[in-house]
Amino acid sequence: MTPNHLREYLETLIHNSLYLSTMIWGPPGIGKSSIVRQIATHNDLDFIDLRLSQLAPTDLRGLPVPSDGITRWAAPEFLPANGRGILFMDEINMAPPAMQGVAQQLILDRCIGNYQLPESWFVWAAGNRKEDRASVYDMPGPLANRFIHLTVEPNIENFRQYAFTRGLHEAIVGFIAFRNDLLHKMIPGEPSWPSPRSWEMASQLHGAGLRIDPAVGTAASAEFYAYLDVVGQIPDLDRILAGTPTPEFPAETSLKYACVMGLVARIKTVDQALCGLNWLVTTATAEWTQLFVADLFPQLRDKGIFVEVQQRIMADSNLREFLTSYAKLLAG
């Protein structure tokens with residue numbers, strides 16, 4: 001599933017109070033952990049990030065404490081005592097089998113020793129797969145059978161929406177739209193390689209005027225800077241968004257991506273959205289206008305101006321006719 005599908009699935013578990021232990025699989029750097037954190041925040045849930053690989057079995061089970069001639073187990077302070085939240089066991093399969101075994105009871109029976117997990121807590125976990133060249137242990141069959149299993153893969157459309165929402169540099173977004181094969185590409189033997197996580201770091205480096213090699217590696221970095229040399233030839237995007245007459249839509253593919261992604265990244269107002277759309281309808285082919293609309297409309301909804309833009313589009317005969325085929329997008 002895509003990251004957005006994962007988010008929708010997990011949200012459904014919460015809204016239906018399905019306290020099923022859930023295991024999320026996927027390659028490193030695609031945002032599994034951040035999605036879970038965002039869901040916790042969005043639903044006003046407490047969040048505990050429990051790294052089993054950093055614990056000993058007694059850390060999770062607790063310590064024996066004598067009391068009135070009976071030994072009782074004192075639960076660790078990091079386990080929740082009340083409230084509602086998500087107990088998230090990130091990188092669970094980096095923990096050795098003995099530690100995973102100790103966690104089995106907590107995952108299935110929601111208790112361990114004398115400790116009982118509060119009713120309104122979800123138990124979710126995440127881990128990388130062996131094929132991702134991650135240093136992980138096999139998950140024991142009895143533990144695996146205690147989970148429902150979800151597998152998430154990187155997705156370019158999801159990444160673009162995330163990138164625009166997070167304000168990633170438009171050059172980074174345009175490059176990944178142009179070279180989506182570099183969204184996630186593990187490179188054996190290299191400490192730095194492209195992933196959604198490392199491109200977000202690269203955006204911060206680029207915005208500060210620093211090279212992005214330390215985040216995404218030398219090969220991806222070299223292609224990015226070659227891309228920058230070319231996209232310096234794009235039309236003035238600010239003039240386009242101001243409604244000023246501009247040159248035709250570029251002919252070179254990388255420039256087309258740079259124009260479309262740059263426009264989406266810069267649009268802040270209703271008038272800018274209409275100017276950008278008018279320019280593309282007038283100068284570009286349908287596929288590029290559709291790409292623009294598909295990326296822009298979710299951002300307009302987030303900004304709270306989508307309805308006004310929709311009304312203005314429907315009042316313009318040229319735009320209304322052109323966007324008839326995109327009724328699904330307009331309907332929201």
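Every read-out reported here was derived from the displayed coordinates using simple, explicitly stated rules and does not represent laboratory data. Since the structure is predicted, the reported quantities are computational estimates derived from the model, not experimental observations. A quick note on method: Cβ atoms are made from the backbone with ideal geometry, for glycine too, and the neighbour counts reach across all protein chains shown.
Considering only Cα atoms, the convex hull volume of region 236-332 works out to 86 Å³ per residue. Can you bin every Cα-Cα distance in region 146-260 into 10 Å intervals starting at zero and give me the percent of pairs per bin, rounded to whole numbers? Distribution as computed: 13, 41, 31, 11, 3, 1, 0 percent. Secondary structure note: in the chain, about 30% of the DSSP beta bridges are antiparallel. Positive end of the dipole of the chain (Cβ unit charges, origin at the Cα centre): among 120, 176, 23, the Cα lying farthest that way belongs to 120.
The distance from the alpha carbon centre of region 274-309 to that of region 191-252 is 21 Å, rounded to a whole number. Sequence-distant contacts, meaning Cα pairs under 8 Å at least 6 residues apart, place the relative contact order of the chain at 16 percent. The helix-based estimate of mean residue ellipticity at 222 nm for the chain, built from -39,500 (n - 2.57) per DSSP H run of four or more residues and divided by its residue count, is -14500 deg cm²/dmol to the nearest 500.
Expressed in units of 2.2 N^0.38 Å, where N is the residue count, the Cα radius of gyration of region 3-151 is 1.05. Nearest 10 degrees, 0 to 90: what angle lies between the long axis of helix 218-231 and the longest principal axis of the chain (Cα atoms)? The answer is roughly 20 degrees. About its Cα centre, region 3-151 has a charge dipole of approximately 220 debye under the convention of +1 per Lys or Arg Cβ and -1 per Asp or Glu Cβ, with nothing else charged. For region 90-102, 3J(HN,Hα) computed residue by residue from phi via the Karplus equation (6.51, -1.76, 1.60; θ = phi - 60°) reads 6, 6, 4, 7, 7, 6, x, x, 4, 6, 4, x, 4 Hz, glycine and proline entered as x.
Distance between the 7 Å Cα→Cβ label points at residue 70 and residue 20: 3.7 nm. Annotation: the antiparallel percentage among DSSP beta bridges lying fully within region 3-151 is about 30. Based on alpha carbons, the Rg and Dmax found for region 156-331 are 16.7, 57 Å.
Over the chain, with a Gaussian network built from C-alpha contacts below 10 Å, which listed residue (31, 207, 189) shows the highest mean-square fluctuation? Of 31, 207, 189, the most mobile in the Gaussian network model is 189.
With angles folded into 0 to 90 degrees, how steeply does helix 196-207 sit against the dominant principal axis of the chain? Use alpha carbons for both and round to 10. The helix 196-207 is inclined about 50 degrees to the chain.
Under a model in which nothing but the beta-carbon of Lys, Arg (+1) and Asp, Glu (-1) is charged, the chain shows a dipole of about 340 debye around its Cα centre. With a Förster radius of 41 Å, plug the Cβ-Cβ distance of residue 2 and residue 114 into 1/(1 + (r/R0)^6) and report the FRET value to the nearest 0.05. For residue 2 and residue 114, the calculated efficiency is 0.50. With a Förster radius of 45 Å applied to the C-beta separation of residue 44 and residue 186, the computed FRET efficiency comes to 0.80.
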